Amino acid sequence: IKKVLAYSTLSQLGYMAAAFGLGLPGIALFHLMTHAFFKALMFLGSGSVIHACHHEQDINKMGGLRKIMPVTFVTFTIAGLSLMGLPLTSGFFSKDLIIDIFKYGDNPLVYYSLVAGVFITTLYTAKLYFKVFFGSNKLKIEKSNAEGHNYVITLPLILLAIPSFFIGMVLFEK
């Protein structure tokens, strides 16, 4: 689970490098900041999942955790949608801004590469999401054990979910 998230960071660094390459460090930093919130949320959510799954990290051995871990499920959903760049999420505002700049530029190859990155990101994020939270509960995790760590992890998940969804909208308007 952590490997998928680590690899997804590389694709997001590509968007930042593209903006820096055009001499737009402010836009690159805007994406860095939005990315920091939703990626921190995803890593903390994966830690919550790993803890509940008795330190198992293979997503092929997981499944059915959405009913067992509702707080982690909802917050991971917000982070995943933001990573994918769903409209109105923070990832949408920062990533779309970078893509739009290249849309009207002189290099269509970079533009189409960035757009392809959105689709690839959506595919592996959806794969991770559905394997972990849907399907059958292969590890036979019980609800009492899953989010038994109470507010130690769930409160930070909730607090990170708010900027993961809204920070892009708030900063883009200014």
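The values are calculated or read from the model by the stated rules, or taken from the named source; none is laboratory data. Note that the coordinates shown come from a computational prediction; the quantities given were computed from them, not determined experimentally. Note: ideal-geometry Cβ built from the backbone for every residue, glycine included; neighbour counts use all protein chains shown. Areas reflect the complete protein model, heavy atoms only, side chains present, ligands, DNA and RNA absent. Shrake-Rupley method; radii C 1.70, N 1.55, O 1.52, S 1.80 Å.
Numerical summary
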read-out	value
Selection from the range 34-63 of residues that are open to solvent by 10 Å² or more (accessible area, probe 1.4 Å) and either in contact with a strand residue (DSSP E or B) (Cβ under 8 Å, 6 or more places away or on another chain) or more than 23 Å from GLY85 (Cα to Cα) (or both)	ILE50, HIS51, HIS54, HIS55, GLU56, GLN57, ASP58, ASN60, LYS61
Set LEU97, LEU88, LEU114, LEU123: member being open to solvent by 40 Å² or more (accessible area, probe 1.4 Å) and more than 15 Å from the chain's Cα centre (by Cα)	LEU97
Residue that is nearest to ASN137 (Cα to Cα), among those in the range 64-85 that are open to solvent by 20 Å² or more (accessible area, probe 1.4 Å), part of a helix (DSSP H, G or I) and in contact with a Phe, Trp or Tyr (Cβ under 6 Å, 6 or more places away or on another chain)	PHE73
Cross-chain or 6+ apart pairs with Cβ under 6 Å, the range 50-74 first and touching a residue at least 60 places away in the same chain (Cβ under 8 Å), then open to solvent by 80 Å² or more (accessible area, probe 1.4 Å) and not hydroxyl-bearing (Ser, Thr, Tyr)	LYS61/LYS138; GLY63/LYS138; ILE68/LYS143
Condition met for PHE38 (within 21 Å of TYR112 (Cβ to Cβ), of a type in the set (A, V, I, L, M, F, W, C) and touching a helix residue (DSSP H, G or I) at 6+ places or on another chain (Cβ under 6 Å))	no
